[in-house]
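The values are calculated or read from the model by the stated rules, or taken from the named source; none is laboratory data. Computed from a predicted structure; not experimentally measured. For neighbour counting, all protein chains shown are included, and Cβ atoms are generated from backbone atoms with ideal geometry for every residue, glycine included.
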Amino acid sequence: MFTRTLLSIAAGGMLLCGPLAAQVTTPDSTLWSAFRWRSIGPANMAGRVTDIEGIPSPSKTFFVAAAAGGIWKTTNAGTTFRPVFDEGRVISMGDIAIAPSDTLIVWAGTGEEDSRNSISPGGGIYKSTDGGLTWELKGLTATQVIGRIVIHPSNPDIVYVAALGHIWGPNKERGLYKTTDGGDTWTLIKFISDMAGFVDMVMHPENPDVLFAASWERVRGPYFLKSGGPGSALWKTTDAGKTWTEVKGGGFPETMKGRIGIAIAKSNPDIMYAIVEADTGKGHTTRPSGLYRSADGGATWEKTAHDNVRPFYYSQVRVDPANPDRVYWSSTPVKFSDEGGKNALNATVGVHVDHHAMWIDPNDPEHFIVGNDGGFAQTWDRGGNYDVLNIIPLGQFYEVSYNMEIPYRVCGGLQDNGSWCGPSRRRQGAITNHMWFTVNGGDGFYTQQDPEDPNIVFAESQGGSMARINLATGERSSLQRPDWRQRFTVYEDSILIDWPDTTVQPRGTVRRRIDDIRRRQRADSVALDLRWNWNTPFFISRHNPRTFYAGANRVLKSAKRGDDLYPISPDLTTNDAERIRISTTTTGGITPDVTGAETHSTIVALAESPFRPGVLYAGTDDGNVWVTKNDGGTWENLTGRFPRLPPKTWVARIEPSHHDSMRFYVAFDRHRDDDLTPYLYVTNDFGKTFRSIANDLPTGGPDFLHVIREDPYNPNLLFVGTDVGLYASLDRGTSWHRFMEGLPTVPVHDLQIHPRDRELIAATHGRSIWIVDIAALEQVDDSVLALNAFLFEPKTAYQYSDSRVGGESTGHKWFEARSPQYGAEIVYRLASGDRRSRPQIVITDVQGDTVQTIQGTGGTGIHRVTWNFQGQRPPSPPLSPAQRRDSIIGVRKLDVVFDSLKAEGMNEQMLDRVKERMLSGNTQELFRAFGGFGGGGQAARGFQERPGESQARGAGRRPAGPPEGAQEGEAGPGGPGAGMGPGMMPDQDTMREIFTAVRRAMGRGSGFGGRGGGGGGAPAVNTGDYRVSITVDGETLSRVLRVERVGLGADEDEFPLEWFQW
């Protein structure tokens, strides 16, 4: 309900109620920036790490480069980290290099070189001259993947780059590049072909003119990987790259080669190692792939180890800086040998598998760090014991789901880290790793949560290995997929019954029955010979939670919660026999890698209409789009109706409309064909015709699409996730706007919209899971933007309790994600105004009595305040003369303290807000928002600002705002409501400093006017309807707010506010 005094507006004009309510006005940036994303983790695991580089001890600084999570820096040996590469339109990392002569100079080569099926492309090479705080693009943008960067030991302007080139197709911008002016200009010093680039390079530790470089010919397609070819080789230069000679003979493999990794022993440069992928070749009985050692600078070679597992994915080799015979090379675990490769052992016992990165401290070889599919781990005793640093949210999620608990739970599947579930928010404190739990192993993809029973979760590992898990009982039931081999045996048994004596030929009726069984046997063999994508789609029907659908090359259905699956469609793919053969038998190149990651001609997009059960949509990885209106009885092929779409384009997602049964959206993805263009279509006539709505989505970078979602409340509001972020449209795709306030650049692989909480949930493939409240955005249209002020309809607010979780005292080595402030959120928009003009928000009950009054924030834009369900505080007793005297003295002291903090450079507006809270007696809410400072209080968050790294480094002044990378809440701390908007919320360290300064100046116990830190708190209000009113420029706007209670007693709050008093 919405009422407005002094200005009358027709009710219909305020509602987004139909397809004609298209957006016309272009919203300004203040609208989009008002919706700030928040991370919820998890950090129990990190995603794939591609490189680690550190400054030699005694420095404690090192950098971690993630496959799709940017770059993170620590200056305290891994106790805390900060993200330092979040803002550009590229996030995939290949290599980092630190200049030996000036460690403030750091280079970052973008684009992961470990060429698996889900990698993201890069966009050039970047340089930092302040230790990673800021970055400048220095070119090579078209190379897409950079495998290695080598810097001259004494001249930091001389840099060599091994550029691997496009993974999904040929391009000329690849090879070895060199700069002598710090990256202002580049020279291509070695080119092989448009199919072969360079993946590794090392410099002689005593002669910088001598370098070795490894070229690699490799390419991926939608259904294959090919590693190896005539362009793969090992090369050497002795004149700083002017000329190059291929390393041949002397025991080095002479057959066709693939990926090669190389290393030179610092303590004896004549000794070097190469991990080589090589073909068997004619006349050979054993594959020459393995580890090779040279004792004469590469002239002759000896094979010392045969182990070279999945060379396209690993192929890293390192030498102990002090012992030339101790060598490490990456594999599923990291292998090591003290005999130059002979008698290899496991160097990473107890650490996640699939290793891609390793840094050994040159001054302390006992200390090294390894990076793998599960993050990174540090050892101080040469691998004897490890510290796994799971404090950074780098999870590579593919998909995400939600349930209907309060607060709701999210689950999702990750690359090589299984499937995990955790809370979307907490009432008290933050979300930590303790609150996340795993439900399935392997590579995780889709999950689903039963809408009727929150204990039932569906999850899968690669290739459609689906399971149903009961969280209450621990029972795990694998969903049995139909298989022709089982039915074949049944048919054979039936034949044996009719034909027991196979030495006698059957005749007459017996012959006819056997022929009939054989026909059914052959038909079943075809129908049940199923192919499952690496990322198999499945879902629970929104119309009946017992109904379950999954996609192989056919659509399958179960009426028993996933049990007894059976096909309800023909093969919906192109059934390309050659593509299927390659994807399932020969993919990999020199080293076959038939793991199922390339299995082709499969269903990859599957959806059901919200309007009618059995209306299904299916899309395949080879470009087909189908629809059925009768639960699989008949299927209509819509392929070929998409204007200007190349054939056989991978279907990324199908999104049926929530508002029009004839409308649905289809997103396509051609990055596997080396085309990064976003393709997005809509139909309004059930697939008869389609039109593109990609319109102004960016096309100059890796903005190919992963997902499209339509808002369930506003038919004009759409969201798309791309490989570098997220965009929103308020006019059904006519125009698109970057929608990433607070969200770092990252691939967004899935989006879900929670229908009750009206929050958008993003599964990122590199920074775990993020959430943003979009309830206000759902209500925006031209009529809202035309008003001087608008009070958005509030969501139903819930009083709830937190579940009990374990914990421990961790100091600063800790991950936590802040939750929104507990309470009812009130959102309003001001078209103009001064920030100092702060409207008053009044909450009244059904009798019209004032329950609470909250001071809002002013200024142009959208504002949020939170009512914590508390009523009016009881009045404070009158002050005695002595108390009045102490109050006056206290205020004067407080003025001095805050003036001094302002002089030191703290944000003045932030300090004014904090001071106002303290003077009003609301210190308890400040305490509650930022945790207890010591003595059982909240653990420190994330990266702690250090003088050598702050953005104000060298200026002698602290930063004006929170540390870079810190998460800010959408609403700050405050009394019954929050009055601090985004950017005005001090971080916990700043709050600690403020309170320490106040206590030092005034002593403990001062209550500023005898309030004793805020006085007693009021109990939580009862459930029911309340009216929220706000007055702006003499106009009063009001809405009805519904308060409900879950899991608490009828009359009291489980955690009274008094518990948090000082």
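Counting only residues that are over 17 Å from Glu112 (Cα atoms) and touching a strand residue (DSSP E or B) at 6+ places or on another chain (Cβ under 6 Å), segment 360-378 holds 5 of them. Considering Arg522, Arg542, which residue is assigned to a helix (DSSP H, G or I) and farther than 30 Å from Gly281 by Cβ? Every option except Arg522 fails the conditions.
Of all the numbered requirements in (1) within 30 Å of Trp770 (Cα to Cα); (2) in a loop (DSSP other than H, G, I, E, B); (3) not assigned by TED's automatic domain parsing to the domain that holds Thr1031, Ser819 misses one, and that requirement is (3). Looking at Thr300 and the list (1) within 27 Å of Ala65 (Cα to Cα); (2) surrounded by fewer than 20 Cβ atoms within 10 Å (Cβ to Cβ), which single condition is not satisfied? Failing condition for Thr300: (1). For segment 590-627, the candidate set comprises residues that are among the polar types (S, T, N, Q) and closer than 27 Å to Asn308 by Cβ; within that set, the residue that is surrounded by the most Cβ atoms within 10 Å (Cβ to Cβ) is Thr599. Evaluated against (1) more than 34 Å from the chain's Cα centre (by Cα); (2) touching a residue at least 24 places away in the same chain (Cβ under 8 Å); (3) surrounded by fewer than 19 Cβ atoms within 10 Å (Cβ to Cβ), Arg542 falls short on exactly one condition, (1).
Scanning segment 559-589 for residues that are among the hydroxyl-bearing types (Ser, Thr, Tyr), in contact with a Phe, Trp or Tyr (Cβ under 9 Å, 6 or more places away or on another chain) and either buried (at least 20 other Cβ atoms within 10 Å of the Cβ) or not assigned by TED's automatic domain parsing to the domain that holds Glu460 (or both) yields Ser569, Ser583, Thr587. Checked against (1) under 23 Å from the mean Cα position of the chain (by Cα); (2) closer than 21 Å to Val49 by Cβ; (3) crowded, with 21+ Cβ neighbours inside 10 Å, Phe368 meets all criteria but (1).
All told, Gly261 meets the bar of being modelled with pLDDT of 95 or more and under 30 Å from Asn117 (Cα atoms). Between Ser803, Ser832, Ser768, the distinction of being of a type in the set (Gly, Ala, Ser), over 25 Å from Arg1039 (Cβ atoms) and out of contact with any Phe, Trp or Tyr (no Cβ under 8 Å at 6 or more places or on another chain) belongs to Ser803 only.
Name every residue in segment 131-155 that is free of Cβ contacts under 8 Å to residues at least 40 places away in the same chain and within 18 Å of Ser120 (Cα to Cα), in order of residue number. Listed by number, the residues that qualify are Thr141, Ala142, Gln144.
Among all positions in segment 212-234, there is no residue which is charged (D, E, K, R), in a strand (DSSP E or B) and farther than 30 Å from Asn533 by Cβ.
Across segment 667-685, the qualifying residues are those that are charged (D, E, K, R) and under 22 Å from the mean Cα position of the chain (by Cα), and the one among them that is surrounded by the fewest Cβ atoms within 10 Å (Cβ to Cβ) is Arg672.
Across segment 799-829, the number of residues qualifying as crowded, with 21+ Cβ neighbours inside 10 Å, under 13 Å from Met435 (Cα atoms) and acidic (Asp, Glu) comes to 1. Taken over segment 601-627, the criterion of being more than 21 Å from Glu578 (Cβ to Cβ) and assigned to a strand (DSSP E or B) is satisfied by Ala605, Leu606, Ala607, Glu608, Leu616, Tyr617, Ala618, Gly619, Val625, Trp626, Val627.
If you go through segment 139-166 and keep only what is touching a helix residue (DSSP H, G or I) at 6+ places or on another chain (Cβ under 9 Å) and under 17 Å from Asp51 (Cβ atoms), you end up with Val161, Ala163, Leu164.
Is it true that Ser115 is among the polar types (S, T, N, Q), closer than 13 Å to Gly182 by Cα and surrounded by fewer than 24 Cβ atoms within 10 Å (Cβ to Cβ)? No, not satisfied. Checking Pro613, Pro592 one by one, the residue that is touching a His at 6+ places or on another chain (Cβ under 7 Å), closer than 29 Å to Ser461 by Cβ and assigned by TED's automatic domain parsing to the domain that holds Phe668 is Pro613 and no other. Filtering segment 830-852 to residues that are hydroxyl-bearing (Ser, Thr, Tyr) and surrounded by 16 or more Cβ atoms within 10 Å (Cβ to Cβ) leaves only Thr844. Arg426 meets the stated requirement of being closer than 14 Å to Gly41 by Cα, part of a loop (DSSP other than H, G, I, E, B) and among the charged types (D, E, K, R).
I'd like to check which strands (runs of 3 or more DSSP E) are fully inside segment 135-191 and have at least 1 residues that are buried (at least 24 other Cβ atoms within 10 Å of the Cβ), of a type in the set (D, E, K, R) and touching a strand residue (DSSP E or B) at 6+ places or on another chain (Cβ under 8 Å).
146-151
Filtering Phe224, Phe212, Phe198, Phe191 for residues that are touching a helix residue (DSSP H, G or I) at 6+ places or on another chain (Cβ under 7 Å) and either at pLDDT 95 or above or of a type in the set (Gly, Ala, Ser) (or both) leaves a single hit, Phe224. The residue list Gln378, Gln396 contains one member that is modelled with pLDDT of 95 or more, polar (S, T, N, Q) and buried (at least 24 other Cβ atoms within 10 Å of the Cβ), which is Gln396. Of everything listed in (1) farther than 21 Å from Phe815 by Cβ; (2) in contact with a Ser or Thr (Cβ under 8 Å, 6 or more places away or on another chain); (3) among the aliphatic types (A, V, I, L, M), the single unmet condition for Ile406 is (2).
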